[in-house]
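Structure first, then comments.
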């Protein structure tokens, strides 16, 4: 029994110590998405969806939930954010070539339409990210329109 008590004390101390460490926060400026917003001209409804479901993991600025201050939760969140930004970073939108923008828009409206994004784990702490079917339909319709505009600009349509 003494050994279990010692192990428990060591684990508690380790848990307390690791709370002082964490990954670097995704704390850039939300203004970094202004070029995207100007270019794609989203409707009010779509802009709200982008703000509540997309920008946290796909831009340089995240509004962190309360549980981000708990290690190891913060490392899991950081992993999601880094993965999200690797696939699509709205803060870098102006640096994307037209073909890449068209492709990313295709993936975006398809994944929203298939309810693959936002991730369920994101929805647990962001209630307003649970999209209704009407919101999904509006987003997909808008995304297809933007994608079509890019195709026209590329001369492929």
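If you take the square roots of the eigenvalues of the alpha-carbon gyration tensor of the stretch 31-122 and sort them as a ≥ b ≥ c, do you get rounded (a/c under 1.5), prolate (a/b over b/c) or oblate? Prolate, because a/c is 1.5 or more and a/b exceeds b/c. Exposure proxy ranking for 4, 36, based on other Cβ atoms within 10 angstrom of each Cβ and starting from the fewest, stands as 4, 36.
Based on the Cβ-Cβ distance of residue 31 and residue 133, what FRET efficiency does E = 1/(1 + (r/R0)^6) give at R0 = 41 Å, to the nearest 0.05? Calculated value: 0.80. Taking the chain as the reference, fit the longest principal axis to its C-alpha atoms, fit the long axis of helix 133-154 to the helix C-alpha atoms, and give the angle between the two in degrees, 0 to 90, nearest 10. The helix 133-154 is inclined about 60 degrees to the chain. Each peptide in 12-22, 105-115 gets a packing score, the mean of other Cβ atoms within 10 Å over its residues, and the list from highest to lowest is 105-115, 12-22.
In the chain, helical runs assigned H by DSSP with n ≥ 4 each contribute -39500 (n - 2.57); averaged across all residues and rounded to the nearest 500, the mean residue ellipticity at 222 nm is -18000 deg cm²/dmol.
Pairs of Cα atoms under 8 Å, at least six residues apart: use those to get the relative contact order of the chain, whole percent. RCO, the chain: 26 percent. Put simply, when 44-57, 142-155 are sorted by average Cβ atoms within 10 angstrom per residue, most first, you get 44-57, 142-155. If R0 is 41 Å, the Cβ-Cβ spacing of residue 14 and residue 154 corresponds to a FRET efficiency of close to 0.15. Take the Cα of residue 87, step 7 Å toward its Cβ, do the same at residue 44, and the gap between the two points is 3.1 nm. Can you give the angle from 0 to 90° between the axis of helix 2-18 and the longest principal axis of the chain, with both taken from C-alpha atoms, to the nearest 10? Between the helix axis and the principal axis of the chain, the angle is about 40 degrees. Only Cα sites of the chain enter the Debye sum here, all with the same form factor; the resulting log10 I(q)/I(0) across q = 0.14 1/Å is -0.74, listed in q order. Given a Förster distance of 35 Å, report the FRET efficiency between residue 144 and residue 67 from their Cβ-Cβ distance, rounded to the nearest 0.05. That pair, residue 144 with residue 67, gives E of 0.50.
For the chain, the longest principal axis of the Cα atoms and the long axis of helix 73-87 meet at an angle of about 20 degrees.
Just so you know, all these numbers are worked out from the coordinates, no wet-lab data involved. Computed from a prediction, not measured in an experiment: that's the story for all the values here. For neighbour counting, all protein chains shown are included, and Cβ atoms are generated from backbone atoms with ideal geometry for every residue, glycine included.
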